[in-house]
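Encoded as structure tokens, the structure appears first; notes follow it.
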Amino acid sequence: MINIALVGCGNWAFKIINEINLNKNYNLHSIVCRKNQIFKNKIQVFKNIESLIESNNCDCIYIAALPKVNLRVIKLLEHKKIHLIIEKPVSDTLRNLQKIKRILENNDLIIYPNLTNYFSQTFEEFKHVVDINFTKIKEIIVYEGNFGPFRKDIHPIWDWGFHSISLLFLIFWGRDFSIVEKKEIISNNKYGKGLVTKFMFKINKNINVKIVTGNLFKKKLRKIKIILNDNNYIINDMVDHQIYANNKIIFKNNETPLSSLLKKFENGNREISKKLISASYKTTDFLEKFYKC
């Protein structure tokens, strides 16, 4: 049984708690929460991260707090064998992410960023379809967003675009990504930070990519569409966790991405850790050119 601790107790943290409780190999042992929150199953509650680490009662930690917290926790664990799962974005700045990369390279620490699209079971299947059709790809269109969240302290690109852009880096690993053009389609509305932004760029100088992402969609949407030269297409629907080829389902998940993440994390793979941090670095660099986190 793996004793796991959770840092953070916001709305998303309770989704994580449910997923951990469904996995028989994990025991949610403790949580860092500054609220007067009551938890079931005798979970030990700490008011700060330092107290949690000093307790030596956990094998790994899931951080679901503000991005600026991640580097502080990683520094505290630098010489300990307590591995981490971290919600995206991995860091609040590219500079701090560089520090995280250095710590990871120089220690036995394993860090899995929760790049949802990567941990979906559709990832390998979709990447395989893309690889065998690479020379036929004409265009890639991504739609990703929802109605909210509307946060004053962060641009919605960090809530939504991080997922799709990191997925493209992982699928087209080692390929050339051109300079990006952007256009804000909807802004200055009554919700304050409500925005829909369109990014346009090229992969390998010949594949046109358009990403439309933001927090003013009518409903949750997370789709990546690959259009081939013959106008056939493949869609990865990351909400329904299904892959379509010309409107026909060719693959469907049988578990949630978070469940898949927890299973893969059980035997923490250092190479996967490095690759996911590198993908997060590329994505942060990509986004920070336009919007500071």
Inset, instruction - Please report, ordered by residue number, the helices (runs of 4 or more DSSP H) entirely within the stretch 90-136 with at least 2 residues that are of a type in the set (Val, Ile, Thr) and within 24 Å of Lys68 (Cβ to Cβ). - result: 94-106
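Identify, from the list Ile53, Ile86, the residue that is assigned by TED's automatic domain parsing to the domain that holds Asn11 and either in contact with a Leu (Cβ under 6 Å, 6 or more places away or on another chain) or more than 19 Å from Leu258 (Cβ to Cβ) (or both). Steps first, please.
Details: Ile86 fails: either in contact with a Leu (Cβ under 6 Å, 6 or more places away or on another chain) or more than 19 Å from Leu258 (Cβ to Cβ) (or both).
Ile53 is the lone residue from the list that is assigned by TED's automatic domain parsing to the domain that holds Asn11 and either in contact with a Leu (Cβ under 6 Å, 6 or more places away or on another chain) or more than 19 Å from Leu258 (Cβ to Cβ) (or both).
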Inset, instruction - Working carefully through the options Ile38, Ile53, Ile43, find the one that is surrounded by fewer than 17 Cβ atoms within 10 Å (Cβ to Cβ), over 21 Å from the mean Cα position of the chain (by Cα), among the β-branched types (Val, Ile, Thr) and at pLDDT below 95. - result: Ile38
Legend entry - Leading residue by the ranking (surrounded by the most Cβ atoms within 10 Å (Cβ to Cβ)) among those in the stretch 120-154 that are in contact with a Lys or Arg (Cβ under 7 Å, 6 or more places away or on another chain) and of a type outside the set (A, V, I, L, M): Glu144
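How many residues does the stretch 42-58 hold that are in a loop (DSSP other than H, G, I, E, B) and either in contact (Cβ under 8 Å) with a residue 40 or more places away in the chain or touching a helix residue (DSSP H, G or I) at 6+ places or on another chain (Cβ under 8 Å) (or both)?
Total meeting the criteria: 2.
Would you point out the residue of the stretch 224-244, among those that are of a type in the set (A, V, I, L, M) and either crowded, with 18+ Cβ neighbours inside 10 Å or modelled with pLDDT of 95 or more (or both), that is farthest from Asn114 (Cα to Cα)?
Looking only at the stretch 224-244, we keep the residues that are of a type in the set (A, V, I, L, M), and these are 224, 226-228, 234-235, 238-239, 243.
This time we only want the ones that are either crowded, with 18+ Cβ neighbours inside 10 Å or modelled with pLDDT of 95 or more (or both), so: 224, 226-228, 234-235, 238, 243.
Working: Ile224: 18, Ile226: 24, Ile227: 27, Leu228: 30, Ile234: 24, Ile235: 22, Met238: 14, Ile243: 21 Å.
Ranking the qualifying residues of the stretch 224-244, first place goes to Leu228.
The values are calculated or read from the model by the stated rules, or taken from the named source; none is laboratory data. This one's a predicted model, so the numbers in the text were calculated from it and none came from an experiment. Quick reminder, even Gly has a Cβ in these numbers, built from the backbone with ideal geometry, and neighbours come from all protein chains shown.
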